[in-house]
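Below is one structure, written out as structure tokens, with a few remarks after it.
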Amino acid sequence: MSGQAGVAVRVLAIRVVDAVMHRGRSLKAELASTLPQIEDVRDRALLEAICFSVLRARTQSDAALAQWMPRPLGPRDNELKALLHVGFAQLVVLELPAHAAVSATVEAVRVLGRPHQDKLVNALLRRAQREGLPASAPEAAWPAWLRGQVRKDWPVQADTVFAESQREAPVWLRVNRQHGRRDAYLQRLADVGLMAEAPEGLPDALLLREPLAATALPGFAQGDVSVQDGAAQRVADLLDGLPAEARVLDMCAAPGGKSAHLLERDPTRRLLALDVDARRLQRVRETFDRLGVHAELKAADAADPSAWWNGEPFDAVLLDAPCSATGIVRRQPDVLLHRRAEDLPALARLQARLLDTAWQVLRPGGRLVYTTCSVLREENAAQLEAFRARHPSALVEPLDEGWGHPDAGGRQRLPGERDMDGFFYAAFRKA
């Protein structure tokens, strides 16, 4: 990487971090618009690594600034604050070579039009290099109201949930069984020097311990493989055993990984994929095209069947519901910045509406699968209890301990268990 390119990557990282930390923007959205501006795949990987490291070490960096700055940074200094977070993350979290990290970050100060602050930045980065950042408990990254909710719901496991949510997640792959066997793809990885594991109980999954861009995977562009956490891959198991040409509804399909997996398992399924956001649905279409699977896609509010349902009942319905995303903080660390206490009641009401609609469009004898990437009982166990009270004909299909902790007829996997994300699963049959 040239010095100029190194500075450009830092400037872009600072702008992403500023947007996420101070303007409420989504990390995923900011990276999606920023990464295409970078040609070199290694520079793209560096930008992502810096941004994720900043958010994971946010409380430590804030503590350092509180101790080291002569006065608190105000809103007018948000860009400077983002820049210092980026510098600290490079030195302390990523442990990049100090000379390159410090010089490129100090030069970024000048590029951003703040040359009068270069000596201050240099001094603070050198101090971080010498002393490291102040220690901070993993739970400190969680807002107090949410931290308290996790402790209430999972008193024994809460500390582990907080700790695992701060760790970097491994890379899970899903092999497209329409293109070849998992063992064959495992060998393809070995042939290019990539060592992977083939976990038991996940027939399409491989696990990589080292970070890797999806586009660097053999056959990715040809649809041979996708990136999808093992917890999300297990959803397809709940819809195995359906008859050929079963009519299946995915109510909240974007970004499309679960629908695609269902079709990789059985291309004869007549699948309708809904999403309320037409732009997100376009990305689902692109995913399907890459993988060579086919489904009907509609942009519509899944909770309003009059907008999309033709009256023909479905053999199975998958509701991977909008939720707090508290089970995937390790993949979306900005969740802890953006989630508000008032979000939960609104999400719970939406989940209930979607569940009732799913039950309405499901045929007698059909199967309803309810999943979330949340660890909160309000969205999971409590939601199931209320649903069963409204619909006595909902018969729970029991899941064994391999799915996680039992809770109200469903199962909860917590972050980091078996190297997977936090995820909740439940399945019902309509009597």
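The values are calculated or read from the model by the stated rules, or taken from the named source; none is laboratory data. Predicted model, so just to flag it, every value in this text is computed and none were measured. Note that each Cβ is placed from the backbone with ideal geometry, even for glycine, and that neighbours are counted across all protein chains shown.
Restricting Pro398, Pro322, Pro364 to those that are buried (at least 17 other Cβ atoms within 10 Å of the Cβ) and in contact with a strand residue (DSSP E or B) (Cβ under 9 Å, 6 or more places away or on another chain) reduces the list to Pro322. Sub-8 Å Cβ pairs linking a first residue in region 83-94 that is free of Cβ contacts under 8 Å to residues at least 40 places away in the same chain to a second residue that is among the hydroxyl-bearing types (Ser, Thr, Tyr), at least 6 apart or interchain, are Ala89/Ser53; Ala89/Ser61, ordered by first then second residue.
Restrict the check to region 7-21 and report whether at least one residue is of a type outside the set (Val, Ile, Thr) and either surrounded by fewer than 17 Cβ atoms within 10 Å (Cβ to Cβ) or not assigned by TED's automatic domain parsing to the domain that holds Leu96 (or both). Before you say what the answer is, go through the steps one by one.
If we filter region 7-21 for residues that are of a type outside the set (Val, Ile, Thr), which is where we start, we get 8, 10, 12-13, 15, 18-19, 21.
Filter once more, so that each one left must be either surrounded by fewer than 17 Cβ atoms within 10 Å (Cβ to Cβ) or not assigned by TED's automatic domain parsing to the domain that holds Leu96 (or both): none.
The answer is no; no qualifying residue exists.
Considering region 417-431, the residues that are part of a strand (DSSP E or B) and aliphatic (A, V, I, L, M) include one that is surrounded by the fewest Cβ atoms within 10 Å (Cβ to Cβ), namely Ala427.
Search region 268-290 for residues being of a type outside the set (D, E, K, R), under 17 Å from Val317 (Cα atoms) and out of contact with any Gly (no Cβ under 9 Å at 6 or more places or on another chain), and hand back the single one that is surrounded by the fewest Cβ atoms within 10 Å (Cβ to Cβ). The extreme case among them is Thr268.
Residue by residue through region 18-47, note down the ones that are closer than 15 Å to Ala104 by Cβ and either touching a residue at least 60 places away in the same chain (Cβ under 8 Å) or not in a helix (DSSP H, G or I) (or both). Break it down into steps so the answer makes sense when it comes.
Initial filter on region 18-47 (closer than 15 Å to Ala104 by Cβ): 38, 40, 42-43, 46-47.
Within region 18-47, Ile38, Asp40 qualify.
Among the conditions (1) under 30 Å from Asp343 (Cα atoms); (2) surrounded by 13 or more Cβ atoms within 10 Å (Cβ to Cβ), Leu217 misses just one, which is (1). Of the candidates Ala135, Ala141, Ala101, the single residue that is modelled with pLDDT under 95 and buried (at least 16 other Cβ atoms within 10 Å of the Cβ) is Ala101. For region 74-97, state whether one or more residues are among the basic types (Lys, Arg) and farther than 23 Å from Arg127 by Cα. Yes, the conditions are met somewhere in region 74-97.
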